[in-house]
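A short worksheet on the structure shown next.
Values quoted throughout were computed directly from the atomic coordinates according to the rules given, and no laboratory measurement underlies them. Keep in mind that what you see is a predicted model, and the values were worked out from it rather than measured. Quick reminder, even Gly has a Cβ in these numbers, built from the backbone with ideal geometry, and neighbours come from all protein chains shown.
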Amino acid sequence: MPIPTERGSRPFAPARDHVCRGYRGRGGFVAHAQEFLAEGLAAGERVLYVAPGDEAALTGQLRADERCDEGLERGAVQVASVDEAYPTGAVVDPAGQVELYAAATSEALAAGFTGLRVAADATSLVRTPAQVDAFARYEHLVDHYMAGHPMSAMCGYDVAELGGGVVAQLACMHPTAHEGGAPFHLHGHARGGSAAALEGDLDLESRELWPLALERAGLREEGGTIAIDAAGLDFVDHRSLVALAAYAERHATTVVLRTKLSTPARLVELLDLPGIRVEQAA
């Protein structure tokens, strides 16, 4: 059923999205951003475009799409220059960044929109190791926020500039990634009672990325355990389970891995890995 807003009646977006978009060439990202934001406009959302350059140039990029142009005319589209908002070399505060978007989402709802949708080119915010570490933590944290609130985002990263390894560190903290992706995804769109969701493959390609993602996720303990919704996990090797056991030991907790796979339980038993309990996912 369409939900009325002060802008008219539009169908609500079928799902909230948090997408990592690796790109090669600025034009490709702009085209994807236009499409992503236009989808939000059709759903009655306020949309925000964040990218390098001055606001006039950013506005011009959106006006090239008639759907975004119409949204600009009626005040449903906002633009922000990442260059003006963040000094060169700035390291984001993960929790503070989430608070900013939570406030913007609340403002959009108060103005009569159905939610907030953001397309952001964050390349300039992840050029140093410290920046990548902080931003990866933020990506996981904001995904938890989006899982329970009407906010969606597409995060763009220039693969040619940053390299596939850096983009993978960020992509694995999203539910979905396109180009420059990762073999697995550890994100906040989990079913009730779980600290995070885990999907994809934990294999040889994941051997360095997986422990890093675990630490950055800052998984929340509840009742003495950390539950991971791994119903979407397609493969896990012994190295990844050893890394998970090491994580549990460092944090003096038990990790409950809820998966449809039969091999993890057997491997945990064979390798005698303390700190991991495997449960069958529904």
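So here's what we get for this one:
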item: Relative packing of peptides 105-114, 268-277 - highest average C-beta neighbours within 10 Å first; result: 105-114, 268-277
item: Most fluctuating residue given options Tyr23, Tyr157, Tyr247, as computed from a GNM of the chain linking Cα atoms under 10 Å; result: Tyr247
item: Net charge, Glu161 excluded, C-beta distance under 10 Å - Lys, Arg +1, Asp, Glu -1; result: +1
item: Candidates Gly200, Gly60, Gly181, ranked by Gaussian network fluctuation over the chain, Cα under 10 Å, top entry; result: Gly60
item: Share, in percent, of DSSP beta bridges within the range 184-282 that are antiparallel, nearest 5; result: 25
item: Neighbourhood net charge (11 Å Cβ-Cβ; Lys/Arg +1, Asp/Glu -1) for Ser124; result: -3
item: Shape box of the chain [Cα atoms, principal axes, largest first, Å]; result: 63, 43, 28
item: Considering only the chain, percent of DSSP beta bridges that pair antiparallel, nearest 5; result: 15
item: Label-point separation, His149 to Ala85 (7 Å along Cα→Cβ), nm; result: 1.4
item: Total formal charge among the other residues, if their Cβ is under 11 angstrom from that of Pro211, Lys/Arg +1 and Asp/Glu -1; result: +2
item: Built amide H within the under 5 Å cut-off of Gly156, gap 5+; result: Arg21, Ala120, Asp121, Ala122
item: Within a Gaussian network of the chain (alpha carbon springs, distance under 10 Å), most fluctuating of Gly223, Gly163, Gly188; result: Gly223
item: Charge dipole (debye, nearest 20) of the chain; +1 at Cβ of Lys and Arg, -1 at Cβ of Asp and Glu; result: 460
item: Area projected by the alpha carbon convex hull of the range 68-159, averaged over all directions, nm²; result: 6.5
item: Sites Ala110 and Glu208 - FRET efficiency at Förster radius 41 Å, r taken between beta-carbons, to 0.05; result: 0.40
item: Within the range 171-282: Cβ-based charge dipole about Cα centre, in debye rounded to nearest 20 (Lys, Arg +1; Asp, Glu -1); result: 260
item: Debye equation applied to the C-alpha atoms of the range 184-282, log10 I(q)/I(0) at 0.12 Å⁻¹; result: -0.31
item: Loop trypsin sites (Lys or Arg not before Pro), the range 53-115, which have at most 16 other Cβ atoms in a 10 Å radius of their Cβ (DSSP); result: Arg74
item: Long-range amide H partners of Ala196 with built H, under 5 Å; result: Asp229
item: The chain - mean residue ellipticity at 222 nm from DSSP helices (-39,500 (n - 2.57) per run, n ≥ 4, rounded to 500); result: -12500 deg cm²/dmol
item: Centre separation in Å (Cα based) which lies between the range 173-226 and the range 39-68; result: 31
